[in-house]
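The structure appears below as structure tokens.
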Amino acid sequence: MTTTTEARTSTRLLLVVVCVVVLATATTLANRVLPGWAYPVCGAVTAAVLLTLAFGAGYTSAELGVSRATLGRAAIAGLIGSAFFLLLFGIAAAVPGLRTVYHDGRVGTPDLLQLVWLTLGRITFGTVIVEEIAFRSVLPALLGARDDRWRWGPILGASAFFGLWHFLPALAVGRNAAVHAALGGIPASVLQVLAMVAAAAAGVFLHAWRHFGRGVLASVLVHFTANVGGLVIAVAVQS
């Protein structure tokens, strides 16, 4: 029995290492090598590879949070979280003193077709799908997360990887007007670390929705609303 348990643990750790290597390769390709149009393709392929590895190792759809049995509950939980974010965005857009959070140099001035591409292509597949499958589905399962009980170790572990995943994107965080006004005097390297810590904290928050909804669809909907809602309002405010 001990030998079997040790073998399973070794296999699980090996899978974690393989998944981390896949993710490190994917983020480097997406942010430094591939052309812009390939960003969502890279995300979709990476998500498929991670799920294939997990299913191949014997993990079930329930353990990975993609079971049809909990789809309805996950959808309801996700819609509740989405409504919460839309309320926050509406308040920030309505209060003049808070609108600086939408003044972000990374947004630019996309036209309608570009906005559709950014929201339904780049963000949906290049960001939301790959990140939720990686950090709220596959890695938590490999680290020992369970839907019937909140386990801090696997959740914090997956969230820490989520923070590290933002190493390259965090380089541009200072281009947000609100961030620059509040933390502009901080060295760029420190600001980058703070951005990754914030991403890790967001990872815990998103896993809470996945846990509450008993499925990764819940965190997908919340993540999608947070990213797309923020982008759309930022474009509207800056136009």
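The values are calculated or read from the model by the stated rules, or taken from the named source; none is laboratory data. If you're wondering where the values come from, they're calculated on a predicted model, not measured in any experiment. FYI the Cβ positions are ideal-geometry reconstructions off the backbone, even for glycines, and counts take in every protein chain you see.
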Screening VAL197, VAL220, VAL235, VAL228 for residues that are assigned to a helix (DSSP H, G or I), over 19 Å from ILE123 (Cβ atoms), aliphatic (A, V, I, L, M) and in contact with a helix residue (DSSP H, G or I) (Cβ under 7 Å, 6 or more places away or on another chain) leaves only VAL197
Within the range 91-114, the count of residues that are surrounded by 15 or more Cβ atoms within 10 Å (Cβ to Cβ) and either in a helix (DSSP H, G or I) or modelled with pLDDT of 80 or more (or both) comes to 6
Name the residues in the range 53-87 that are of a type in the set (Val, Ile, Thr) and under 26 Å from LEU23 (Cα atoms), would you?
-> THR60, VAL66
When the residues of the range 5-28 are filtered to those that are surrounded by 15 or more Cβ atoms within 10 Å (Cβ to Cβ), under 17 Å from the mean Cα position of the chain (by Cα) and not β-branched (Val, Ile, Thr), which remaining residue is farthest from ILE123 (Cα to Cα)?
-> CYS19
In the range 123-142, is there at least one residue being at pLDDT 95 or above, closer than 20 Å to ILE76 by Cβ and of a type in the set (D, E, K, R)?
-> yes
The range 198-239, residues that are β-branched (Val, Ile, Thr) and at pLDDT below 90 = VAL232, ILE233, VAL235, VAL237
